[in-house]
Amino acid sequence: MTTETEQTVSRVAASYRDPSGQVFIRGERIFRTVTDVGAKDYEYLRDSGILSELQSSGDLVESKEVTSDDLGLDAAGAIYILEHPKIDFISYPYEWPFAALKAAALFHLKLQIDLLDKNIMFSDASAYNIQFIGARPIFIDVLSLRTYKDGEYWHGHKQFCEQFLNPLLLRACCGVPHNSWFRGNPEGISTAELSQLIPARHKLSPQCLMHIVLPAWLQKKGNKKASVTSRKLRPLPKNNLLRMLRQISNWIEKLNPPRRQRTIWDDYTLHSSYSSEQAEAKIAFISDFVSSAKPRVLADLGCNNGEYAELALANGAKKVVGLDADPGACDAAFKRACERELSLNVIQTDLANLSPAQGWLGLERQALGERLCADSMLALALLHHLVIGRNIPLPAVVDWLLDVAPQGVIEFVDKTDPQIARMLRFREDIFPGYDLKHLHEVLERRAKVVRECRISQSRTLIWFHRI
Amino acid sequence: MQGFARVIFIGSVVFLASIEPAFAYLDPGTGSMLLQGILAAFAATAGVVWTFWAKLKQFFQRMGPEDKHSRRSKR
């Protein structure tokens with residue numbers, strides 16, 4: 001077993017853009033170097049007390065200065081080395097539901113507006129500078145804060161639009177969730193491309209004209225124009241900059257998914273499959289499982305509106321990561337986590353297509369499967385969505401579930417259930433192996449069944465533990 | 001480029017002029033910088049118009065009947 005000093009130090013693959021410093025990992029420890037480019041601004045933040053004020057309010061990730069011995073590597077060029085606490089679960093903006101991206105956008109703008117009073121400006125507006133602790137956003141890039149120069153422009157405007165505003169508008173104006181597009185293009189959704197799609201009735205609003213249509217047009221013309229007359233840059237007064245930030249913030253505050261759009265989940269809640277006794281039996285079973293397992297991190301696969309995630313947290317789970325493909329369900333789960341201050345991170349993803357490793361050299365953004373280190377899991381009414389809905393063989397799905405966590409609860413829904421009957425209405429039933437007996441056979445190859453409970457005619461809960 | 005569009009574009013290019021050295025790695029984007037150049041120009045123009053308007057108001061207030069009366073009574 002390597003001692004701490006022997007553990008290799010490696011630079012975090014995504015940390016290469018900023019000349020003010022970079023992020024390194026050694027084992028479980030996170031370090032950030034501050035080079036001579038970023039030292040002056042960092043010293044100002046530290047000595048003025050702004051750094052500790054932001055950290056004690058929980059808006060900025062904590063940091064402490066350490067020596068290069070701690071980093072254990074030749075930290076040439078580093079004036080300071082900071083150590084940050086490790087954040088439990090890292091997620092990316094293309095995995096966030098609409099409500100979470102909106103919360104992150106408003107958080108970034110509010111922080112920027114407050115910091116301008118102290119003459120601090122962010123040097124960028126990357127959505128990857130924000131992480132979530134449960135449903136609470138936190139800013140993680142200390143080096144993005146620097147002193148404001150009178151009259152300067154908001155250099156982060158383009159990046160803010162591409163990584164916050166445009167994805168939100170894609171859903172609010174076009175009814176399309178941002179996740180797939182943003183995942184395919186991790187630098188964000190370009191204003192020029194979005195401008196092609198926004199319906200005219202939204203495009204003609206003053207805010208869209210100012211932040212989408214006009215910049216897209218100016219960019220196009222600006223790229224064609226070869227020469228630029230050389231005169232002194234006209235300063236943008238601070239009040240005007242603040243007004244622009246507040247205007248965007250008020251606009252985003254009012255953005256919501258289209259009301260007329262009902263997702264699959266919205267219909268699901270109207271056709272709930274349980275009587276009150278059945279629901280109570282399910283709650284009791286899951287409570288027993290969680291109280292016994294006491295998970296550090298529980299993965300709720302197919303978390304719906306987060307009700308069982310909340311139940312798990314109330315029964316001793318320290319943290320829950322809820323995953324679901326349905327945008328409506330994810331928004332509801334996020335709102336629940338926000339309002340009740342739950343330690344629940346909500347991820348909007350297709351479970352049959354988790355976000356992969358990508359970016360430069362395929363290393364910048366880590367695969368979701370690698371980031372999700374759960375010690376327990378719930379797969380409630382999930383199996384049939386993957387086996388029947390997506391044609392993935394039952395043994396393959398069970399194997400994957402057993403790899404996600406060593407113990408958990410599976411809720412098996414058999415073919416007599418009205419939900420599955422609806423799924424097979426216009427399809428041939430090519431799933432002869434989809435039954436409880438076969439599930440047991442496959443499960444018991446690698447796990448033992450701790451407890452089983454048939455809560456209804458068509459639904460059975462199975463508590464398993466990997467051998 | 002047609003008349004009005006040409007005015008807007010040239011106006012914004014003139015006001016942006018030499019691109020300011022970036023403070024960090026970020027490419028601020030031509031479109032965003034030109035947009036803010038327009039806002040800065042409006043801010044400056046609004047400032048000039050406001051000052052002119054305030055002076056005009058002051059001028060007409062000085063020429064008002066109450067002022068004429070008070071000047072006569074001071075003599």
Query raised in the report: Which residues, taken from region A:127-155, are in a loop (DSSP other than H, G, I, E, B) and within 17 Å of A:Asn345 (Cα to Cα)?
Result: A:Gly134, A:Ala135, A:Ile140
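Here is a yes/no grid of residues against (1) touching a helix residue (DSSP H, G or I) at 6+ places or on another chain (Cβ under 7 Å); (2) within 10 Å of another protein chain (Cβ to nearest Cβ); (3) not acidic (Asp, Glu):
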site	(1), (2), (3)
A:Ile140	yes, no, yes
A:Leu143	yes, yes, yes
A:Tyr153	yes, yes, yes
A:Asn185	no, no, yes
A:Leu209	no, no, yes
Report task. Output the helices (runs of 4 or more DSSP H) that fall wholly within region A:363-467 and possess 2 or more residues being modelled with pLDDT of 95 or more, or say none. Result -> A:368-371, A:383-387, A:394-404, A:436-443
Requested in this report: Would you check if there is a residue in region A:17-25 being open to solvent by less than 10 Å² (accessible area, probe 1.4 Å) and on the phi > 0 side of the Ramachandran plot?
Outcome: yes
Report task. Sort through A:Asn223, A:Asn250 and tell me the only one that's at pLDDT 95 or above and polar (S, T, N, Q). Result -> A:Asn250
Requested in this report: Report, by residue number, each residue of region A:188-210 that is in contact (Cβ under 8 Å) with a residue 24 or more places away in the chain, more than 19 Å from A:Ile347 (Cα to Cα) and in a loop (DSSP other than H, G, I, E, B).
Outcome: A:Ile189, A:Ser190, A:Ile198, A:Pro199
**Report entry** Near pairs, Cβ below 8 angstrom, 6+ apart or cross-chain, from region B:32-46 (more than 7 Å from chain A (Cβ to nearest Cβ)) to any residue that is assigned to a helix (DSSP H, G or I) and surrounded by fewer than 18 Cβ atoms within 10 Å (Cβ to Cβ)
**Finding:** B:Ile38/B:Ile8; B:Ile38/B:Gly11
Query raised in the report: Right, A:Asp124: farther than 27 Å from A:Lys335 by Cβ and more than 10 Å from chain B (Cβ to nearest Cβ) or not?
Result: no
Query raised in the report: Could you say whether any residue in region A:327-343 is in contact with a strand residue (DSSP E or B) (Cβ under 6 Å, 6 or more places away or on another chain), in a loop (DSSP other than H, G, I, E, B), in contact (Cβ under 8 Å) with a residue 12 or more places away in the chain and open to solvent by 20 Å² or more (accessible area, probe 1.4 Å)?
Result: yes
Requested in this report: Could you list, in sequence order, all residues of region A:169-187 that are part of a loop (DSSP other than H, G, I, E, B) and over 24 Å from A:His155 (Cα atoms)?
Outcome: A:Gly175, A:Val176, A:Pro177
Query raised in the report: Hey, among A:Val228, A:Val321, which residue is assigned to a loop (DSSP other than H, G, I, E, B) and either at pLDDT below 90 or buried (at least 21 other Cβ atoms within 10 Å of the Cβ) (or both)?
Result: A:Val228
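The values are calculated or read from the model by the stated rules, or taken from the named source; none is laboratory data. Note that the structure is predicted; figures quoted are calculated from it, not measured. Please note: Cβ atoms are built from the backbone with ideal geometry, for glycine as well, and neighbour counts cover all protein chains shown. To get the accessible areas, we keep the full protein, side chains included, count just its heavy atoms, and leave off ligands, DNA and RNA. Shrake-Rupley method; radii C 1.70, N 1.55, O 1.52, S 1.80 Å.
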